Amino acid sequence: MLSIRDLQVRIGAHEIVGIEALDIGAGRRVGLVGESGSGKSITAMSIAGLQPREAVISGSIRFDDRELVGMRESELARMRGAEIGFIPQDPTRALNPTMRVGRQIAEALRLNTELDRGAVHARTLELLEQVRLPDAASYLRRYPHQISGGQQQRVLIAMAIAAGPRLLIADEPTTALDVTVQNEILRLIVELSTAHGMGLLFVSHELGVVRSVCDEIGVIYGGRLVEFGSSRDIVTRPRHRYTSALIGAAPELPRGDALARMMGKRFSVIPGAVPPIGGFPIGCRFRNRCGAASEQCASEPPVESDAGGHRLKCWHPVAAGDAA
Amino acid sequence: MNLRILTLIGREAITLIASALIGSLVVFGLLRLLGGDVALMILGQDADPDAAIALREQLGLNRPLHVQYLDWIGGFLTGDLGKAYSGGYDIFDQIVARMGPTSLLAFGSLLVSILLALAVGTYSALNARRASGAVIDVLSQLAIAMPSFWAALLLVYLFAVILGWLPAGGYVPLTEDPAGSLRSLVLPVAALSLSSAAVKTRFVRSAMLDIMNEDYIRTAMAKGRTFGGAVLRHGLRNAAIPVVTISTLQLGQLLAGAIVLENVFVIPGLGRLLLVAVNGREVIVVQSLTFVILMIILAMNFLMDIAYGLLDPRIADKKAAAAHG
Amino acid sequence: MAEIAQDVAATHAPARRIPPALVIGGVLVALVVGVALLSFFWTPQDPARLNVRSRLAPPGTPGFPLGTDRLGRDMLTQIMVGARNSLYVSIVATVFALCVGTVLGLLTAAAGPRTQSVLARAVDVGVAIPGILVALVIATALEPGNTASIIAIVIWFIPLAARVTIGPAKQVLALDFVEAALAYGRGNAFVMTRHVLPNIGSILIVQASVMFASGILAEAALSFLGIGAQPPTASWGRILKEAQPMIDVAPSLMLFPGLAILLAVLGFNLLGDGLRSYLDPRQIAVQGS
């Protein structure tokens, strides 16, 4: 359904994202994992044309047989909502503070469907119920500041699925929420996407979350897709140094996970920090934080290798059974 | 509508009435404090003492002050403020007759300056390339420094004397001839809006630039709008809020400008009568007119504050919380 | 290590670049003040002289570079002398208003919460009243003229000066060392003069410049209406007023006085803006009048 090839996102002179290939099949759920500053959000936003104004996109993003890169803004805008839904990150800022909630949901319907006022009203109530907001009618006239963060996020989800898009992009939908609320929202997203047969691109910095939601996981660092495979493969048999470091540092992975038992490790911290824009080293972008970097890593960016659907970009991958 | 709006209106109404009362007391007192004897002010300091005595009787100036004050205020309600000393006209009638032109000029300018500011400010924010931003800044500075009466004269010269498209002055009542009325108001409204529009434009531009970076613009785009569409539909309304705030602060200036320009364009409004009265030392007329103009400002403030409460629901809630807290 | 050096550098004030507004404003103000001062020593023609035969001469006439008005007075001379009047009225009124307004603002800032909210409200109302109205009332009570103008402008500007002072004064009063001084037993007046005033000084300077600009505009408006400077005192507003009936015959008459007002007001406004950016961009928030 969605095919990304040679996607490049540049801001000024810097290349923020450089992804050679990424696919999302119809109805499949794909996760993008990486720390803050890894470029995962920009990648997700670029698919729908929601990237920051200063960012320049090149390459190819094909949705079915239509090329999204270079598409006229009005056409791309028409696809948003109708074909591609987007759930933003921080619900407290993503809603217009001076417009009532009901009207903001109705906007999604009016822009993408031919329903008349009465039908819009009915469908809005339906959507509120679908996202499990009790006493749906009371939300219609409320303003965003009058409802909680979790409720705001549900409203945003309702707006994203309102017109029945085939692809749902969720950009860290639970990061800004209380821990207690996060699970419910995650469950909601999974249920809705399954029920409507929507493809899902789920972006997060929490590996455990992505693992529980998605069928396939792509690991992003420095704007590069360094590893890609099925969720199971990625978490139990990580091959990129960064991926295994992420797993080591992930508190959410259940204790019972075979990998955690096998490694018998406590949580660890990945040394160093994600460099700011323009601060990545030449060659492999991860090399300054990697325990196994070599001369080759400094001079050549790693080339992709593919082992049965498990793709990798690393000169010195973790061998099976190895400690990171 | 709902309780929130009703409490807002109620609170603003109380402020309105309190300010009006205090204002009337100040006007009443200031004239007498600075000028001394009212009869001598009207007749001139070296007037014939007998004439002064007669005038005091006629105007009831020998009564206790609070009686005079109450009588005057009451006159607004009964419709009788007396007659001008030398002009002989009925004060109340004149005030009523002149409300129309002044309101038209003032409200017209307010509307035009807001619309102009929203248009130019939004355009300049959406096209925020260096050049257009700097140009707008320079033009704004010039517009702010330019006296409105000079701008008026320049406009008159260009459009009335040279081009002959618009009249150099005068006024046609709206009910008589709407088209002619609007024609006679174009230049005065333009001159009056210029400076305040420049100030508002900067606010709109700055607000729009902020809004363009807001997350809810992206959400609107995600629903199916283009960037421009999202900014117009969601941003404009939020940019209107600082505009309303600024407009409220500029009300005094607006009325002041209206007073001056009524005299430049010979528009038969309150400002024109006020100047004539000042020159003719008609103390009672000045007193009443000043109060009326003050009331216009207070009333416009009242409307603005309500508009503000309607536009931004957070403000009304905050105010309510503060009042109960 | 590099990051630490960067952090340290950032906390020091960046090199002060002179804002263009300051330069342009300064030049214009110097021009206006210079012309006003010059007029005491030299003008192209005697200001009182009526060249009856050369009435309404257009600009460029030999001897009368900017032309003459309907009484034959040289326009350039009138404008030079008019500068004196505008500056005199504006500066005197502004200084007075600033003094009184600042004191009022300081009192309000130091007052207890209830008094403070009442006083602050009163100041807000005072700001909202159009000055022209005040001036017209005063002109009715007193004789029209420069004195009435000055009194009117003072009353008009006092609330503005007060409002600008209240916020920053409150901020300074809340600073630790000031609270300590008060606790230590220093009197209020002492604290005000020694601690508060110097700290809000830059704000007052900027506000003064902006108020000079407004003062010039106000004086011109009052003279234009006929309640400010009276003949034969030359004033830009009055010249403009006399030019109005001649607009179709001698349009240049209204051009020059208006231009003079524009340049003077622009100059002081830009000077104020420039000073604000130069002195301390973070702390100063100037209220336009």
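FYI, it's all coordinate maths here, none of it is from the lab. Here the structure is a predicted model, which is why all the values come from computation and not from measurement. In this analysis, Cβ positions are derived from the backbone assuming ideal geometry, glycine residues included, and neighbour counts consider all displayed protein chains.
Dividing the mean sequence gap of close Cα pairs (under 8 Å, 6+ apart) by how many residues chain B holds gives a relative contact order of 25 percent.
The phi-based Karplus calculation (6.51 cos²θ - 1.76 cosθ + 1.60; θ = phi - 60°) puts the 3J(HN,Hα) values of region A:37-50 at x, 8, x, 5, 5, 4, 4, 4, 5, 5, 4, 8, x, 9 Hz, whole numbers, x for Gly and Pro. Over region A:91-162, the ratio between the Cα radius of gyration and 2.2 N^0.38 Å evaluates to 0.98. Using only side-chain charges placed at the Cβ, +1 for Lys and Arg and -1 for Asp and Glu, the dipole size of the protein assembly as shown relative to its Cα centre rounds to 1020 debye.
Ellipsoid fit via the Cα gyration tensor, chain A: semi-axes of 36, 22, 17 Å, each the root of five times an eigenvalue, largest first. The mean number of partner chain beta-carbon atoms within 10 angstrom of a residue's beta-carbon across peptide B:30-39 is 3.
Tally Lys and Arg at +1 and Asp and Glu at -1 over the other residues with C-beta under 10 Å from the C-beta of A:R62: what net charge comes out? For residues surrounding A:R62, the net value is -2. The mean number of partner chain beta-carbon atoms within 10 angstrom of a residue's beta-carbon across peptide C:246-255 is 3. Using only side-chain charges placed at the Cβ, +1 for Lys and Arg and -1 for Asp and Glu, the dipole size of region C:95-242 relative to its Cα centre rounds to 220 debye.
Which residue, C:F177, C:A93, C:L142, has the largest displacement toward the positive end of the dipole of chain C when charges sit on each Cβ (Lys, Arg +1; Asp, Glu -1)? Positive-most Cα among the choices belongs to C:L142.
Distance between the pseudo-spin-label points of A:A13 and A:S299 (7 Å out from Cα toward the beta carbon): 2.5 nm. Start at zero, step by 10 Å, and the Cα-Cα distances of region B:16-91 spread as 17, 47, 31, 5, 0 percent across the bins. This ranking places C:L160, C:L197 by how few other beta-carbon atoms lie within 10 Å of each, fewest first, which gives C:L197, C:L160. Look at the stretch B:209-216: the mean tally of other chain Cβ atoms within 10 Å of its residues' Cβ atoms is 3. Compared with the rule-of-thumb size 2.2 N^0.38 Å for a compact globular protein, the protein assembly as shown has a Cα radius of gyration ratio of 1.19.
Taking amide hydrogens as placed 1.01 Å from N in the peptide plane, the amide H of B:Y89 sits under 5 Å from those of B:A84, each at least 5 positions away in sequence or on another chain. The distance linking region C:251-267 with region A:193-231 is 68 Å (Cα centroid to Cα centroid, whole angstrom). Computed per residue of chain C from DSSP H runs no shorter than four, each worth -39500 (n - 2.57), the mean residue ellipticity at 222 nm is -23500 deg cm²/dmol. Averaging over all projection directions, the Cα-based convex hull of region A:7-57 occupies 3.9 nm² in the image plane. Using the alpha carbons alone, the radius of gyration of region A:1-88 stands to its Kirkwood radius in an Rg to Rh ratio of 0.93. Each of A:S231, A:S244, C:S86 was scored by other Cβ atoms within 10 Å of its Cβ. Arranged with the fewest first, they read A:S231, A:S244, C:S86. With θ taken as phi - 60° and the Karplus curve 6.51 cos²θ - 1.76 cosθ + 1.60 applied, the whole-hertz 3J(HN,Hα) list for region C:80-91 is 4, 5, x, 4, 3, 4, 4, 5, 4, 4, 5, 5 Hz, x standing for glycine and proline.
Near the amide H of A:L32, within less than 5 Å, lie the amide hydrogens of A:F202, A:V203, A:S204, A:G218, all on another chain or at least 5 residues away, with H placed in the peptide plane. The C-alpha atoms of chain B define a longest principal axis, and helix B:283-311 lies at about 20 degrees to it.
Please give the FRET efficiency for B:A20 paired with A:Q146, using the beta carbon to beta carbon distance and R0 = 30 Å, rounded to the nearest 0.05. So the FRET efficiency works out to roughly 0.30. Across every direction, the projection of the convex hull enclosing the Cα atoms of chain B has a mean area of 22.4 nm². Over the residues of chain B, the helix contribution to mean residue ellipticity at 222 nm works out to -26500 deg cm²/dmol, using -39500 (n - 2.57) for each DSSP H run of at least 4. Between B:N279 and C:Y184, the modelled label-to-label distance comes to 6.2 nm, taking each label 7 Å out from Cα in the direction of the beta carbon. In the protein assembly as shown, a dipole from Cβ-located charges (positive for Lys and Arg, negative for Asp and Glu) runs towards its positive end, and of C:P19, B:G74, A:G37 it is A:G37 whose Cα lies farthest in that direction. Amide H contacts under 5 Å for A:L168: A:G85, A:G199, A:L200, A:L201, restricted to partners 5 or more places along the chain or on a different chain, H placed in the peptide plane at 1.01 Å from N. Remark: region C:239-255, residue by residue, has Karplus-estimated 3J(HN,Hα) of 4, 4, 4, 5, 6, 4, x, 8, 4, 7, 8, 9, x, 5, 4, 8, 5 Hz, where x stands for each Gly or Pro and the curve is 6.51 cos²θ - 1.76 cosθ + 1.60 at θ = phi - 60°.
The loop-placed chymotrypsin sites (Phe, Trp or Tyr not before Pro) in region C:19-83, going by DSSP, that have at most 10 neighbouring Cβ atoms within 10 Å of their Cβ come out as C:W42. Within the protein assembly as shown, A:C214, A:C290, A:C314, C:C99 have no other Cys Cβ under 4.7 Å of their Cβ and so lack a disulfide-compatible partner by this rule. Taken over the alpha carbons of region A:1-149 as equal point scatterers, the Debye sum produces base-10 log I(q)/I(0) values at 0.15 Å⁻¹ of -0.93. What is the distance in Å between the Cα centroid of region A:110-130 and that of region A:59-99? What the calculation gives is 20 Å, centre to centre. Footprinting exposure proxy ranking of A:K40, A:K313, fewest other C-beta atoms within 10 angstrom first, gives A:K313, A:K40. Across region B:212-314, the convex hull enclosing all Cα atoms gives 123 Å³ per residue. Protection proxy ranking for B:81-93, B:222-234, using the average of other Cβ atoms within 10 Å per residue and placing the highest first: B:222-234, B:81-93. The dipole here belongs to region A:91-162: it is taken about the Cα centre, uses +1 on the Cβ of Lys and Arg and -1 on the Cβ of Asp and Glu, and is about 260 debye.
Here the average projected area of the convex hull drawn through the C-alpha atoms of region C:87-288 stands at 12.7 nm².
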